[in-house]
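*Asks:* Right, I'll just put the structure down here and ask away after.
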């Protein structure tokens, strides 16, 4: 196997490859983060006599700048891994690599590929990519709408010229119209795909999981090949991390928060509703409080439970059943 580490930035990608194992010589090169640069990168690998299908490449999840390269390399037959930057940083510190430059980071990623055995990345299907893109755009517009509403409230409380008030009002009207268009596009896309519509119906059969949370979990669960619900919870960053050492260190457990903050935020809002209206989550939440757990700890556990329920209804292709536990022998 060959190990390729790529540090991605907006304008360029720094590459480091070990063609003869970690004890062999490393090769480094920088390419532009555009299509022509990607072509040059693959040509460079071939010039080094590397077999693309035997090459493991590791990239950090850097906002959106790694996505085009990841899809390109996957299409070229390379084995692509996309990893959490925080995990790579801790790996570097474990190797006593304290300096941080683009060139050093690319070498660290190549060593990470060889030693950490990260999971291979599978790109989501085009239909899921479209849903996620539409939802991301909707989220941006909602943020813009709230900003304009805040400006309108402030303007109405001061001596603001009429022309400014009209401009703000026009902007609010436009943004609301665009959000409505996106909602219609998302609905049409789901309605024209029986599999997606069926899975969304299963997710929204869970009390407290509305359409927005359902779409959020639909995009997540269809983007990765999770084998167990615990893997989903870990990916989202909802597993507790303990801090204990000897007899003196007894730190409180905290969430790993290793995954998407947007997903956790969506799950949190749904969970606040679930602890009142979802039978399974409500019972667990109240039991944890009675056992002395803090409200936040109980809510975090309830969020994990909600993830398990979402995974379960899709895995078994059965809608939520409030009396499921009562039916067990």
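*Asks:* Taking Cα Rg over 2.2 N^0.38 Å as the quantity of interest, determine which of (i) 1.20; (ii) 0.98; (iii) 1.02 was computed from the displayed structure.
*Replies:* The calculated read-out lines up with (i).
*Asks:* I want to verify a result. In a Gaussian network model of the chain, Cα cutoff 10 Å, which of these has the top mean-square fluctuation: 210, 198, 292?
*Replies:* 292
*Asks:* While we're here: Going by Cα centres, the stretch 92-139 and the stretch 155-172 are how many Å apart?
*Replies:* Each part reduced to its Cα centre gives a spacing of 44 Å.
*Asks:* Fewest to most neighbouring Cβ within 10 Å: what's the order for 187, 127? Walk me through the intermediate numbers first.
*Replies:* Details: 187 12, 127 15.
Going from sparsest to densest Cβ surroundings: 187, 127.
*Asks:* Let me ask something additional. Give the order of 316, 308, 224 when sorted by the count of other beta carbons within 10 angstrom, beginning with the fewest. Don't jump to the answer; show the numbers that get you there.
*Replies:* Numbers: 316 9, 308 17, 224 14.
Starting with the residue having the fewest Cβ neighbours, the order is 316, 224, 308.
*Asks:* For the stretch 106-182, just the Cα atoms, rotate onto the principal axes and tell me the three extents in Å, largest first.
*Replies:* Principal axes ranked by extent give 64, 30, 14 Å for the Cα atoms.
*Asks:* Please compute the Cα-Cα pair-distance distribution of the stretch 2-115 with 5 Å bins starting at 0, giving whole percents from short to long.
*Replies:* Spelled out bin by bin, the stretch 2-115 gives 2, 13, 25, 29, 19, 9, 3, 0 percent.
*Asks:* Determine the calculated [θ] at 222 nm for the chain from helices alone, applying -39500 (n - 2.57) to every DSSP H run no shorter than 4 residues and normalising by the residue count; nearest 500 deg cm²/dmol.
*Replies:* Values: 13 runs with 194 residues, N = 329.
Dividing the helical sum by the residues of the chain leaves -19500 deg cm²/dmol.
*Asks:* Out of 123, 319, 194, any idea which swings most in a Gaussian network model of the chain, alpha carbons joined below 10 Å?
*Replies:* Residue with maximal mean-square fluctuation among 123, 319, 194: 194.
Throughout, read-outs are computed from the coordinates displayed, never taken from laboratory work. Everything numeric here is computed off the predicted structure, so don't read it as measured data. Here the Cβ is made from the backbone with ideal geometry for all residues, glycine too, and neighbour counts use every protein chain on show.
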